[in-house]
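Taking it in order: structure first as structure tokens, then the write-up.
Taken together, the values in this text are just the output of simple stated rules run on the coordinates, not laboratory data. Here the structure is a predicted model, which is why all the values come from computation and not from measurement. Note that we place each Cβ from the backbone using ideal geometry, even for glycine, and neighbour counts take in every protein chain shown.
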Amino acid sequence: DEVATAAADTNGAFIAAFKVLISKHGDHKVTATDGSNTLELTFTVESVAPKTPTPLSPAMGIEVKPPATFDWNDVTDSSNPVVYHLQIAASKDFSAASMLLEKKELTVSEYTISEDDLEVAKEQTTYYWRARAIDAASNEGVWTGVGEFNLAAAFVIPSWALYTIIGLGGLFLFGLGYWLGRRTAFHY
């Protein structure tokens, strides 16, 4: 792919500047040609992984309710921009079977889950999360330590309680109507 063009001076010298595209770390060949002559050079993209972000919230073992925000510190790297990868799982080992949410290429160091992201169970459930930074040279940093949080159980009214409330409401309305009817009848 052509990334830059430049005009040569009378001696055949030229200067061409180009922005290195986001690419995988390691050696890349750069070819300069005037159509007749060709020069091939090697350009090296750094291979140092970005630092591990520090988890900020939620704190270890606390109970959260959607929407809940997962936050970690920003990471800077010589190969900007840095993006983040967030995983939430039902197991500390983050096996494929336990993976509940995976967000890749997050451009900010936080993510807010909604009720649509994680199914809220009827009982309090423990989940695990971690994040890592990936730089523009595709160097993947080390995952943060595993964070543990509890997702609050959804409030569900038992059907017997719902029917009891409806029955009491109906009984109250019947009594109110009866009282107003008798009161009105004795006023005339």
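In table form, for the structure just shown:
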quantity	calculated
Segment 1-89: Lys pairs at Cα distance under 29 angstrom, eight or more positions apart or on different chains	4
Separation of the Leu173 and Thr54 label points, Cα + 7 Å toward Cβ, nm	5.9
Restricting segment 1-61 to GluC sites (Glu not before Pro) in coil, as DSSP defines it, with at most 10 other Cβ within 10 Å	Glu2
Where labels lie 7 Å past Cα in the beta-carbon direction, separation of Glu148 and Ser114 in nm	3.1
Two-site FRET efficiency, Val3 against Gln124, from Cβ-Cβ distance with R₀ of 45 Å, rounded to 0.05	0.25
Order by protection proxy (mean Cβ within 10 Å, highest first), peptides 105-116, 63-74	63-74, 105-116
Mean Cα-pair separation over length for the chain, i.e. relative contact order, pairs under 8 Å, 6 or more apart, %	21
Label assignment, semi-axes √(5λ) of the Cα gyration tensor in Å derived from the structure, set [x] 38, 17, 14; [y] 65, 22, 12; [z] 24, 20, 17	[y]
Cα-projected label distance for Lys104 with Phe18, points at 7 Å along beta-carbon direction, nm	2.6
